[in-house]
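The values are calculated or read from the model by the stated rules, or taken from the named source; none is laboratory data. A quick note: this is a predicted structure, and the numbers were derived from the prediction, not measured. Neighbour counts are summed over all protein chains in view; Cβ atoms, including those assigned to glycine, are modelled from backbone coordinates with ideal geometry. We work out accessible area using only protein heavy atoms, side chains counted, and drop any ligands, DNA or RNA first. Shrake-Rupley method; radii C 1.70, N 1.55, O 1.52, S 1.80 Å.
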Amino acid sequence: MENQSYRLGIDIGSTTVKTIVLDRDDNILFSEYRRHNANVVDTLSETLAKVTEKLGDINASTVITGSVGMGYAERIGTRFVHEVIASTEWIKEKYPQVRTFVDIGGEDSKMIFLQPGKTPDIRMNGSCAGGTGAFIDQT
């Protein structure tokens, strides 16, 4: 696997850490969705240990996203991409027929309206508003 090109994506949200490793053909080699229970560092360390266990010692271009991800990206010197931008670009590339995307996070909800040739229209409720993922999860 040494001559492969890998991409590691890490989404650190208010309640979970999502991790994915893709090869150069966008095949998913590893993915995990875990609650971090406010212990992001240990959760991410355990997840990355699983990546190494499964794939070996690989080199991967890494991008971090998520509502909590910016601070971690800055600390370790890794690129950060805002979660709305990351989601929108992935949908436009992989699912061009999609016109509406709803992202229900732990603290907020976002609706992204997509039209060919136009800038995405992004709507978002206020932070920590009712009706978001944490509320739904508790219910």
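Restricting the search to the range 5-59, which residues are among the small types (G, A, S), more than 17 Å from W90 (Cα to Cα) and open to solvent by 40 Å² or more (accessible area, probe 1.4 Å)?
S5, A38, S45, A49
Please enumerate the residues belonging to the range 37-65 that are of a type outside the set (S, T, N, Q) and either in contact (Cβ under 8 Å) with a residue 40 or more places away in the chain or under 19 Å from D103 (Cα atoms) (or both).
The answer is V51, L55, G56, I58, A60, V63, I64.
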